[in-house]
Amino acid sequence: MKKTLLLPLLLFLLLLTGCGTEHISERLYTQTLGLKGSKELTLYAQAFGEEKPFSAGGLTTAEALHNGEAAQGSRIFIGHTELLCTDGSRTLADIQDLLFSQGLSPACKLLYTDLDACFQNTDTVKLLESIRMAERKGLIAQTDITTVLDEWLGDSQTALLPARSTDGLCMVLLHTNGRRTTLSEEAANGLFWLRRNDGRDFTITVTTPDGKEDIVIVRNSLRKKAVTTDGKPTLHYGVTVYTDNCPETARRRLQEQILTQCRTAISEMLSADADVIGLQSLAEFAQADKKNISVVVDVSVR
């Protein structure tokens, strides 16, 4: 390769590695961030390997990061951040700015919480692991930056987020204006099925007349379409769940349980004037009333 071509390439690769005059050890890599405030933004941050969080203020995310760097004496890198916390006071514009201008990872999780209590009294590393564990066990729907932003930019301007509760975690519907609705456990479970299309195994426990039965969910799928019922356009959601070695009594109980959860989820979601399962777009396509919904659940043994 000619030297005239090699030199620009090496310079480009050097920039990509983040090297140069700034050594990697001179950076602060954040694991958890928090956003709150009305006129002025407060940015909370917890760095990897650091027990003590810090905070900085500013009118914008860029200014808050700059002020944080000045106070900490290190460059702040947020590209590996795994958890972003919000109290609803700063949502859409600031999170978009962190994602598109400041390099926040699209895979970052979101959490609704009280920022002061969270960063002063909580081990955010354990908090993040509890969110991941709840997702793996099928207790809460998976949420990340890109999913939440898509929901906030939708017609209802409402997103589904995990939130801290006295018992651990719950799910909330959070509007961009800060208004929130806390879902019942049954509705939160229903939205898990109405949003999930994943092939990872997990175990769910159901109660039958013979006692409790652990059922391994090996795969599930979700179908959304418009159908005609009694001459009326109807929005149809079909949930199919595949299990391994599931007794018939437990299979029927799980099927009834999921159906009840899905119906409760739709009811609470509509009451909150929210839409996190694509009702509006499907209703417009089918020229149907988005309240005219049918749900069918099928649990099959693989």
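The values are calculated or read from the model by the stated rules, or taken from the named source; none is laboratory data. Since the model is a prediction, treat every value here as computed from it, not as a measurement. All Cβ positions, glycine included, derive from the backbone under ideal geometry; neighbour counts span all protein chains shown. Ligands, DNA and RNA are stripped out before the accessible areas are found, and what is left, the full protein with its side chains, is counted by its heavy atoms. Shrake-Rupley method; radii C 1.70, N 1.55, O 1.52, S 1.80 Å.
Annotations
- Mean Cα-pair separation over length for segment 125-182, i.e. relative contact order, pairs under 8 Å, 6 or more apart, %: 22
- Averaging the Cα positions of each part gives two centres, and for segment 26-76 and segment 258-302 these lie 40 Å apart.
- Share of Cα-Cα pairs in segment 105-239 lying beyond 19 Å, as whole percent: 60
- Residue among Ala47, Phe119, Gln280 farthest towards the positive dipole end of the chain, charges placed on Cβ: Gln280
- With the whole protein complex present, Lys126 retains an accessible surface near 140 Å², based on a 1.4 Å probe.
- Shown are Cys85, Cys170, whose ranking by accessible area with a 1.4 Å probe and every protein chain present, most to least, is Cys170, Cys85.
- The chain: most fluctuating residue of Asp230, Asp97, Asp144 per GNM, C-alpha cutoff 10 Å: Asp230
- Contact order relative to length of segment 67-201, as percent, for alpha carbon pairs under 8 angstrom and 6 or more apart: 22
- Using the average count of surrounding beta-carbon atoms within 10 Å as a protection proxy, the listed peptides 90-96, 163-169, 103-109 rank, highest first, as 90-96, 103-109, 163-169.
- HN-Hα J in Hz across segment 86-92 - Karplus 6.51, -1.76, 1.60, θ = phi - 60°, x for Gly and Pro: 9, 10, x, 7, 10, 10, 4
- Nonpolar atom fraction for the chain, defined as the carbon and sulfur part of the 1.4 Å probe accessible area, stands at 50 percent.
- DSSP beta bridges in the chain [antiparallel fraction, %, rounded to 5]: 65
- Lys, Arg +1 and Asp, Glu -1 on Cβ, resulting dipole of segment 171-302 about Cα centre, debye, nearest 20: 320
- Taking packing as the residue-averaged number of other Cβ atoms within 10 angstrom, the listed peptides 30-38, 263-271 run from highest to lowest as 30-38, 263-271.
- Compactness relative to 2.2 N^0.38 Å, alpha carbon Rg of segment 83-126: 1.21
- Principal axis extents of the Cα atoms in segment 132-184, from largest to smallest and rounded to whole angstrom, are 30, 21, 14.
- Probe 1.4 Å, accessible area per residue of the chain, Å²: 52
- Per-residue SASA remark: Tyr44, around 30 Å² accessible (1.4 Å probe; ligands, DNA and RNA not included).
- Most mobile of Gly57, Gly238, Gly211 in a GNM of the chain (Cα contacts under 10 Å): Gly211
- In this structure the amide hydrogen of Asp87, modeled in the peptide plane, comes within under 5 Å of the amide hydrogens of Leu35, Thr113, none closer than 5 places in sequence on its chain.
- Solvent-accessible area of Arg180 with every protein chain in place, 1.4 Å probe, in Å² to the nearest 10: 120
- Among the lysines of the chain, pairs at least eight places apart or on separate chains and with Cα atoms under 27 Å apart come to 20.
- Mean separation of Cα contacts under 8 Å (6+ apart) over length of the chain, as relative contact order %: 13
- Descending Cα extents along the principal axes, the chain, whole Å: 68, 51, 42
- By DSSP, the beta bridges lying fully in segment 22-126 are antiparallel in about 50 percent of cases.
- Taking the C-alpha atoms only, the angle from helix 248-271 to the longest principal axis of the chain is near 60 degrees.
- 5 angstrom amide H check on Ile76, placed H, neighbours 5+ away: Leu28
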